[in-house]
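Take a look at the structure set out below.
The values are calculated or read from the model by the stated rules, or taken from the named source; none is laboratory data. Computed from a prediction, not measured in an experiment: that's the story for all the values here. Neighbour counts run over all protein chains shown; Cβ positions are idealised from the backbone, glycine included.
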Amino acid sequence: MHSDATGTEQYALDPADFYLDKADDAIHDTLSPINYEWWYFDATFDNNYSMASIWWELSSAGKEGGIVKERFIDFSVYDPAGKKIMVKKRFDNSAVSISTEKCDVKMGDNRVYGEAPVYKMRFLADGLGADLVFENLVQGYRSPPDGTAYFSMNPLIYMGWTIAQPRARVAGKLLLNGKEIKVSGTGYHDHNWGNTSIGELYDYWYWGRIFLPGHTFIYSVGQLGECMDHAPINVVMSFEGNKLVDMSQEIIGEPYDFVMDPETGIEYPKKLVLKIDSEVVKGEITHNLKNLIESYPLAVGYPLSDNETTTFGHGAVRFFSDCTVDLLVNGKKVKHSTALIHEFMKP
């Protein structure tokens with residue numbers, strides 16, 4: 001047992017310790033022909049590079065009838081100066097295979113696969129790529145019984161979320177224009193699926209991960225859309241060491257000092273205070289914006305296909321913020337300051 005760059009002890013995790021089965025991270029037999037599914041990975045490295053990648057499977061109604069399937073990969077690298085390099089690669093159905101038994105997504109020569117506690121990613125397109133290994137530092141998690149939240153049965157509206165790797169050690173290499181860059185750092189992997197466009201289901205959400213020495217927090221704070229009467233939807237997962245110690249909806253977000261992003265037309269806060277009041281975790285987490293990493297517009301009805309047009313007032317922004325944590329976890333003080341990347345989405 002030793003420590004990573006953030007001071008978190010690295011435990012030998014047994015798959016029996018996890019709150020999910022390997023099939024939770026596989027493609028799902030959906031109950032609707034119109035659905036979406038994606039596998040998300042990101043990492044921040046010790047050399048100040050970072051990466052994010054989404055592996056998409058979309059089924060939507062075609063303009064001339066029938067169901068249209070789209071499979072593509074978004075892959076981005078941020079260099080130490082913050083410059084974003086991105087490629088979006090689409091694939092014909094014949095070039096794609098996705099396992100129903102575990103995380104194993106193949107698109108062309110690219111592949112992301114594995115099961116707790118180790119996942120691997122191999123990607124290359126237009127000179128940009130990576131060959132990375134993600135190893136869990138804490139337990140994976142999905143809410144019982146299968147990670148799916150049903151918002152309505154008539155009409156059927158559902159969304160699933162499996163956090164296979166709330167916090168992971170990541171090592172391997174990035175490829176930029178033929179240049180190989182060895183990397184190591186800390187990352188994250190989750191998996192979502194559903195049958196209703198997120199633009200209809202959500203008004204907005206804030207989402208982030210807080211990596212501290214000895215503690216990890218994953219949060220999502222938002223508001224559902226008109227179809228759900230604009231109800232709040234909030235959750236925070238708290239880990240101590242490598243163990244999940246709390247999953248609670250007793251968290252609220254209080255944003256302050258809004259400014260408009262000229263790229264997307266959405267208003268975002270320069271300050272966000274999270275207040276937690278569960279039986280296990282109590283206190284506040286304060287985000288103070290340092291700068292925007294990126295912002296990009298979205299179509300109403302996100303996820304979007306290439307044929308959709310974006311709409312002013314709908315978009316996503318990613319922040320780099322100073323974060324102050326002042327909590328009690330199981331009655332013990334957790335006070336720490338750190339920097340983190342988090343997002344605000346208004347689909």
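Inspection of the stretch 324-346 identifies at least one residue that is closer than 20 Å to Ile218 by Cα, at pLDDT 95 or above, among the aromatic types (Phe, Trp, Tyr) and surrounded by 18 or more Cβ atoms within 10 Å (Cβ to Cβ). Test Val138 against the criterion of being hydrophobic (A, V, I, L, M, F, W, C), at negative phi and in a strand (DSSP E or B), and give yes or no. Taking the combined requirement at face value, the residue does not satisfy it. Scanning the stretch 89-116 for residues that are of a type in the set (A, V, I, L, M), at pLDDT 95 or above and within 18 Å of the chain's Cα centre (by Cα) gives Val105, Val112. Among the numbered conditions (1) among the hydrophobic types (A, V, I, L, M, F, W, C); (2) touching a helix residue (DSSP H, G or I) at 6+ places or on another chain (Cβ under 8 Å); (3) free of Cβ contacts under 8 Å to residues at least 40 places away in the same chain, the only one that Trp39 does not meet is (3). The residue of the stretch 108-123 that is surrounded by the most Cβ atoms within 10 Å (Cβ to Cβ), among those that are in contact with a Ser or Thr (Cβ under 9 Å, 6 or more places away or on another chain) and among the aliphatic types (A, V, I, L, M), is Met121. For the subset of the stretch 68-94 comprising residues that are among the acidic types (Asp, Glu) and outside any strand (DSSP E or B), which member is surrounded by the most Cβ atoms within 10 Å (Cβ to Cβ)? Only one residue fits best here, namely Asp79. Checked against the criteria, Ala61 counts as of a type in the set (Gly, Ala, Ser), exposed (fewer than 15 other Cβ atoms within 10 Å of the Cβ) and either over 29 Å from Ala149 (Cα atoms) or in contact with a strand residue (DSSP E or B) (Cβ under 9 Å, 6 or more places away or on another chain) (or both).
Only one entry of Leu224, Leu175, Leu201, Leu244 meets the criterion of being without any contact (Cβ under 8 Å) to a residue 60 or more places away in the chain and in contact with a Pro (Cβ under 9 Å, 6 or more places away or on another chain), and that entry is Leu201. The single condition from (1) surrounded by 22 or more Cβ atoms within 10 Å (Cβ to Cβ); (2) closer than 19 Å to Ile54 by Cβ; (3) not basic (Lys, Arg) that Ile98 fails is (1). Tell me whether the stretch 33-50 contains one or more residues that are out of contact with any Phe, Trp or Tyr (no Cβ under 8 Å at 6 or more places or on another chain), of a type outside the set (A, V, I, L, M), assigned to a loop (DSSP other than H, G, I, E, B) and within 20 Å of Phe91 (Cα to Cα). Yes, the conditions are met somewhere in the stretch 33-50. Among the residues of the stretch 254-265, are any polar (S, T, N, Q), in contact (Cβ under 8 Å) with a residue 12 or more places away in the chain and surrounded by fewer than 21 Cβ atoms within 10 Å (Cβ to Cβ)? No, because not a single residue in the stretch 254-265 is polar (S, T, N, Q), in contact (Cβ under 8 Å) with a residue 12 or more places away in the chain and surrounded by fewer than 21 Cβ atoms within 10 Å (Cβ to Cβ).
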